[in-house]
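Below is one structure, written out as structure tokens; comments come after it.
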Amino acid sequence: MRRPKSREFRKQQRVSEEEEINLLNSWIQFQPPDSGSNPMSLPPLPKNSPVGRLDDDDTYSRYAGASRFEQFPLSKKTKDALRESKFVVMTDIQRASLPHALCGRDILGAAKTGSGKTLAFIIPVLEKLHRERWGPEDGVGSIIISPTRELAAQLFDVLKVVGKHHNFSAGLLIGGRKDVDMEKERVNELNILICTPGRLLQHMDETPNFDCSQMQVLVLDEADRILDSGFKKELNAIISQLPKRRQTLLFSATQTKSIQDLARLSLKDPEYLSVHEESVTSTPTLLKQIVMIVPLEQKLDMLWSFIKTHLQSKTLVFLSSCKQVKFVFEAFKKLHPGIPLKCLHGRMKQERRMAIYSEFCEKRSVLFSTDVAARGLDFNKAVDWVVQVDCPENVASYIHRVGRTARYKSDGKSVLFLLPSEIQMLEKLKAAKVPVHFNKPRKELLQPVSSLLASLLVKYPDMQHRAQRAFITYLRSIHIQKDKDIFDVMKLPIDEYSASLGLPMTPKIRFLNQKIKSKDVSTKSILVEPEDSDKETIFEVSRKKLDTVAFKDEETENDLLQLADTANEGEVKSSEIEEIIPATRVLKKKKLKINVHRPLGTRVVFDDEGHTLPPLARIADTQSGKEMLLDPEQKAEYYRRMRDDLKKADKEDKLIERQRLREKRIKQKMKWKAGNAEEDDQDDISGSEGDETVDRLHKKSKVYFDSDSDEGERNEVTGNARTSTGGVTLEEQEALALKLLNSMHS
């Protein structure tokens, strides 16, 4: 059993912590880096140079530009944890950001993937709270926001390693968990929160007494992803509940400089530190990047062939949508490629996602994923290959995807499949200093898988629905992209792509059908037909030449020079077409808007002299066959005579209808009497009470549909009904009763 610490020991420890905090504050304030400067421009300190206080004159060693953690003004607890975790030498982003962060300045840090950005904001958070002597009773002192759950869990693991000697309480608040009530009970006692935007906002809205008014440091990891439109509402609501006097740290591989985004966060003179801005490449130097032109209908064939030829590698495959990930994973799993397969997407439960992430970190396998695994994730064992089956939406997404390999000082490889219509993405990558190598696919190694997928859809009927959903979601992902120069859904071979998934028929796509209809309408616009037949032949010849150019373009063996030549040839001949097709055309919608406010259904009548008359001025006399002009008096007389005729006809119709209803009612009563005669006889035996009951039933069952019938007719009918009911004598009733009794005993 451990002996409790004595009061004297605790007092001595508290005094030593106070002395250490005073020393750190004096050291930081002695020679801070200049605002707007990059500490990496300073020469590093020698390895064995004195650190801390140099003499009794309160002079301290320079920490700006230092390259080792032990040369920085950090607490003993932090240094011990870093040393035990074998963090000795700092990376470039750590050397550049830590001096400014320790001084309490706002930072926008940008560095390549795998360059150690996590420690660049974890260490300042721990040191800030340590120097403020933050305790459990002080509440939330720092909030670290991550865009994905997996990245938040990874940050929490790093925090536990670096801050294990501190006494701070930390919590991981992410979605997908069921213990929300337990989180609400303990969230007010936590000092450091690592969370996703949605779960943090949920606690701010639902947890009573959740207070962030004393928060010191706000950190946004993958800041460009959090600041985009996907988290705009959540982030605005979160920022509105945080104190304005705080330190804000933003880190990402592709940082934003938007004034609007920075104003939302209320940054105060932020230090923009892009350590690799002057670098030759924007991706890790040990990363080999390959680009291949692959037709859409051959993408799965190429992916299957790649997996079969790299069975000893750890591969991360990126697809556009969750439905694609599900279908490709299930289909390839049933084909047994010879390597473990896993899938990761945003629709999975959190426990399953974390289990798959942990398994992929430890074992050799292939992981099919959406962009949920594209940011920040650092796998324990290096990823050998990153395969991007679908083109990323922009250069930033490409950089984050390939950043899952070649982490820190390890090497890696990546391959990107581009469609012929997406060739402009290659130029954008080169403009962003991404060194890519263009390779041709080796057709002799291509293993077709479309026939195997077709047989799978027949064998497993549920797979057909998944294939249809994968087909539709991919086209929708292309349709919603903003860059229409690269992503044009109308240029895709839809039928061939559907067949490559094993589908017997191409599914119907609503948004695509609407787009095709609108395109057909535009092609049927009004054209000026030339009188000269030579121009018509020129148009036909030029169209044939364009068709041959497109045919040659498909047969080129992925040679960029040949693609450029064919494009120029098409541009030269386009002038001939412009002579025939007019520059402007009349739209159908504009034609419909002509004279919209003109009254419809009006009739104009003219007399013999050409003067206009009222619409009903000329009425023909059908008997005499002559036409006559009616003045207002004649018109009024005509209308009065018509009203009288209608009134007479109306009276006659009412009499006929009343007679018809009366006859119908009498027939119904006669049928009812004939059908219920025996029941009436049995009811008469029961006496006067039965008679009253029958009378009440008969009265209740009578419904009169003719509202114009008089009371005399009703009384006459009811009187006849009563006499007919009471016409049976007592002797007849006794005889009927004896017959019934004899029939019952016989």
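Things worth noting here:
- The residues of the stretch 352-363 that are within 30 Å of Ala454 (Cα to Cα) and surrounded by 16 or more Cβ atoms within 10 Å (Cβ to Cβ), listed by number, are Arg353, Ile356, Phe360.
- Residues that are of a type in the set (Gly, Ala, Ser), more than 27 Å from the chain's Cα centre (by Cα) and under 20 Å from Ala253 (Cβ atoms), drawn from the stretch 356-398: Ala382
- Applying the condition of being part of a loop (DSSP other than H, G, I, E, B) and modelled with pLDDT under 90 to the stretch 178-201 and asking which residue is farthest from the chain's Cα centre (by Cα) yields Asp179.
- From Lys428, Lys459, Lys508, residue being farther than 30 Å from Leu286 by Cβ, of a type in the set (Lys, Arg), surrounded by fewer than 16 Cβ atoms within 10 Å (Cβ to Cβ) and modelled with pLDDT of 90 or more: Lys459
- Check on Gly175, in contact with a helix residue (DSSP H, G or I) (Cβ under 9 Å, 6 or more places away or on another chain), closer than 29 Å to Gly114 by Cα, in a loop (DSSP other than H, G, I, E, B) and not acidic (Asp, Glu): yes
- Answer residue from the stretch 202-233, given it is assigned to a helix (DSSP H, G or I) and not charged (D, E, K, R) and is nearest to Lys244 (Cα to Cα) among those: Met204
- If you go through the stretch 128-142 and pick out every residue that is closer than 23 Å to Leu265 by Cβ and either surrounded by 15 or more Cβ atoms within 10 Å (Cβ to Cβ) or not assigned by TED's automatic domain parsing to the domain that holds Glu19 (or both), you end up with 7.
- Taking the criterion of being of a type outside the set (A, V, I, L, M) and either surrounded by 14 or more Cβ atoms within 10 Å (Cβ to Cβ) or more than 19 Å from Glu206 (Cα to Cα) (or both), the residues of the stretch 228-242 that qualify are Asp228, Ser229, Gly230, Phe231, Lys232, Glu234, Gln241.
- Candidate set: the stretch 476-492, residues that are assigned to a helix (DSSP H, G or I) and in contact with a helix residue (DSSP H, G or I) (Cβ under 8 Å, 6 or more places away or on another chain); chosen: the one surrounded by the most Cβ atoms within 10 Å (Cβ to Cβ): Ile478
- Residues of the stretch 331-351 satisfying the condition of being surrounded by fewer than 20 Cβ atoms within 10 Å (Cβ to Cβ), in a helix (DSSP H, G or I) and at pLDDT 90 or above: Lys333, Lys334, Leu335
- Only one entry of Arg225, Arg246 meets the criterion of being in contact with a strand residue (DSSP E or B) (Cβ under 9 Å, 6 or more places away or on another chain), more than 23 Å from His437 (Cβ to Cβ), surrounded by 14 or more Cβ atoms within 10 Å (Cβ to Cβ) and modelled with pLDDT under 85, and that entry is Arg225.
- For the stretch 292-319, filtering for residues that are under 24 Å from the mean Cα position of the chain (by Cα), crowded, with 22+ Cβ neighbours inside 10 Å and not aromatic (Phe, Trp, Tyr) leaves 3.
- Tally of residues being in a loop (DSSP other than H, G, I, E, B), among the small types (Gly, Ala, Ser) and over 30 Å from Asp106 (Cβ atoms) across the stretch 5-48: 1
- Those residues of the stretch 6-45 which are modelled with pLDDT under 85 and surrounded by fewer than 10 Cβ atoms within 10 Å (Cβ to Cβ), in sequence order: Ser6, Arg7, Glu8
- Residue check for Lys244: without any contact (Cβ under 8 Å) to a residue 12 or more places away in the chain and under 21 Å from Leu267 (Cβ atoms): no
- Whenever a residue of the stretch 262-281 is on the phi > 0 side of the Ramachandran plot and in the same structural domain as Ala96 (by TED's automatic domain parsing), its partners that are modelled with pLDDT of 85 or more and surrounded by fewer than 15 Cβ atoms within 10 Å (Cβ to Cβ), lying with C-beta atoms within less than 7 angstrom and at least six residues away or across chains, give the pairs Ser266/Lys244; Asp269/Ser35.
Matching residues to (1) free of Cβ contacts under 8 Å to residues at least 40 places away in the same chain; (2) in the same structural domain as Ser252 (by TED's automatic domain parsing); (3) of a type in the set (Asp, Glu):
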site: Thr118; (1), (2), (3): no, yes, no
site: Leu126; (1), (2), (3): no, yes, no
site: Ile144; (1), (2), (3): no, yes, no
site: Asp157; (1), (2), (3): yes, yes, yes
site: Asp179; (1), (2), (3): yes, yes, yes
site: Glu185; (1), (2), (3): yes, yes, yes
site: His203; (1), (2), (3): yes, yes, no
site: Asn209; (1), (2), (3): yes, yes, no
site: Asp221; (1), (2), (3): no, yes, yes
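- Restricting attention to the stretch 401-424, the residues that are in a loop (DSSP other than H, G, I, E, B) and either at pLDDT below 90 or in contact with an Asp or Glu (Cβ under 8 Å, 6 or more places away or on another chain) (or both) add up to 9.
- Exactly one residue out of Ser358, Ser320 is modelled with pLDDT under 95, assigned by TED's automatic domain parsing to the domain that holds Asp462 and small (Gly, Ala, Ser): that is Ser320.
The values are calculated or read from the model by the stated rules, or taken from the named source; none is laboratory data. Just so it is clear, the structure is predicted and the values come from calculations on it, not from any experiment. All Cβ positions, even for glycine, are placed from backbone atoms using ideal geometry, and neighbour counts span all protein chains on display.
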